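A.B. asks: Below are the structure tokens for one structure; questions will follow.
Each value in this text was obtained by applying a stated rule to the coordinates, not by laboratory testing. Note that the structure is predicted; figures quoted are calculated from it, not measured.
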Amino acid sequence: MASTSSLRPASTESADANTTPALAVRAARRVAGVPGAEELALCAVCQEGDWEDDDKIIFCDSCDVPVHQACYGSGARNIPDGPWYCDACSYGRRTGQKKQQPECILCPNKGGAMKRTSDFRWAHIVCGLWIPEAEFLDPEGRDIIHPFTVNEKRLDLVCSICKVPGGACIQCRAPRCLTAFHASCARAGGVHMVEKDKVKDGVECTRGARALPHAIHAPHATC
């Protein structure tokens with residue numbers, strides 16, 4: 001397993017927008033030599049920086065969002081020789097809306113690792129994974145997030161982190177704690193989030209199509 005400090009940015013001597021390979025991390029090149037720069041190589045979905053040879057962290061050559069190939073799913077399984085673009089940026093390039101970041105329908109945050117929803121809007125992969133009722137119509141590819149099964153009561157909860165109404169919140173699983181937060185806010189805000197594998201026939205699977213989350217407050221979080 002390799003750490004984020006082992007990511008190898010490609011040479012910039014002859015790189016340009018048309019030849020930069022997806023593994024030539026533009027964000028890392030801009031801060032080359034700066035202590036702590038490897039922190040930019042945390043996957044936007046799982047927030048982990050380690051990677052394997054068959055599951056590298058790749059960066060969108062437009063918005064710089066870093067994702068593990070497996071965390072992003074379809075669209076990132078095969079690394080192209082040229083630039084790689086996330087789904088949102090690919091859509092923006094096709095429609096001429098390159099500078100417009102799509103809005104997530106499950107939280108107020110823009111940017112990040114997003115996938116299309118079943119009604120042709122956008123949602124963060126993180127939101128699709130952590131909101132219990134949300135579904136991926138393509139679980140293997142973590143693609144096409146279906147939001148219409150989300151409990152309507154989640155829409156009335158107010159995130160304790162961003163305080164912005166809207167979207168759908170998850171709640172703390174600690175006993176007698178109902179603190180709410182958007183999944184993306186919780187991930188970015190340091191809330192301790194632990195994945196619990198699906199249980200099938202009374203046996204915990206080592207890998208499920210999507211993890212069932214168990215979120216509790218980090219030591220510094222307050223209710």
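A.B. asks: Per residue, how much space in cubic angstrom lies within the convex hull of the C-alpha atoms of the stretch 115-191?
C.D. replies: Values: hull volume 7.4 nm³, N = 77.
Residue-normalised Cα hull volume stands at 97 Å³.
A.B. asks: Right, here's the next one. Which ³J(HN,Hα) values in Hz, rounded to whole numbers, follow from the phi angles of the stretch 141-151 under the Karplus curve 6.51 cos²θ - 1.76 cosθ + 1.60, where θ = phi - 60° and Gly and Pro get x?
C.D. replies: x, 6, 10, 6, 7, 9, x, 7, 9, 5, 4
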